[in-house]
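Notes to accompany the following structure.
Throughout, read-outs are computed from the coordinates displayed, never taken from laboratory work. Note that the coordinates shown come from a computational prediction; the quantities given were computed from them, not determined experimentally. Don't worry about glycine lacking a Cβ; one is built from the backbone with ideal geometry, like all the others, and counts go over all protein chains shown.
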Amino acid sequence: MQESYIENKVCEWAKKNGWLVRKLQWIGREGAPDRLFLKAGRFVLIEFKRPGQKPRPSQRLEIKRLRQYGATVAVIDNVEDGIAFLNDEYATS
């Protein structure tokens with residue numbers, strides 16, 4: 001299964017369920033998570049991967065840095081976990 005398939009399915013579900021979804025790219029930096037999701041004041045980031053794949057070193061570093069500043073960042077490698085993560089995040093807002 002391709003990373004893009006997982007990302008597209010989760011983003012499609014999120015939009016249908018009231019999330020604002022944006023693609024991310026850091027200018028002059030590596031390792032940005034793939035997507036930003038925003039709903040009811042809840043701001044979360046997701047790095048999408050193929051099943052079983054782990055983030056690259058630059059991505060791990062950036063995720064760690066974002067979490068140190070209080071951001072919620074998930075690494076997702078399947079559609080079901082992506083939807084469950086967003087459901088949980090909305091429930092806690």
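Tabulated data
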{"read-out": "In the chain, lysine pairs with alpha-carbon atoms under 15 angstrom apart (chain gap of 8 or more, or interchain)", "value": "7"}
{"read-out": "Distance between modelled label sites at TYR5 and ASN17, nm, 7 Å Cα→Cβ extension", "value": "2.1"}
{"read-out": "Relative contact order [Cα under 8 Å, 6+ residues apart], the chain, whole percent", "value": "29"}
{"read-out": "Qualifying GluC sites (Glu not before Pro) in segment 7-93, DSSP loop, other Cβ atoms within 10 Å at most 15", "value": "GLU30"}
{"read-out": "Under 11 Å, Cβ to Cβ, from TYR90 - net charge with Lys/Arg +1 and Asp/Glu -1", "value": "0"}
{"read-out": "Loop sites in segment 1-30: chymotrypsin sites (Phe, Trp or Tyr not before Pro), DSSP, at most 13 other Cβ within 10 Å", "value": "TRP26"}
{"read-out": "Positive minus negative residues near ASP81 (Lys, Arg vs Asp, Glu; Cβ under 15 Å)", "value": "-3"}
{"read-out": "Listed candidates [x] 17, 43, 25, 11, 4, 1; [y] 16, 48, 31, 5, 0; [z] 17, 53, 29, 2 - label of the one calculated as P(r) over Cα pairs in 10 Å bins from 0, in percent", "value": "[z]"}
{"read-out": "Distance in nm between pseudo-label sites at ASN87 and LEU61 (7 Å out along the Cβ direction from Cα)", "value": "3.7"}
{"read-out": "Check: segment 3-91 dipole with +1 on Lys, Arg Cβ and -1 on Asp, Glu Cβ, in debye", "value": "280"}
{"read-out": "Test item: Cα-centred dipole of segment 48-93, Lys/Arg +1 and Asp/Glu -1 on Cβ, debye", "value": "440"}
{"read-out": "18 Å cut-off, amide nitrogen to a point 7 angstrom out along ALA40 Cα→Cβ, residues in segment 3-33", "value": "13-21"}
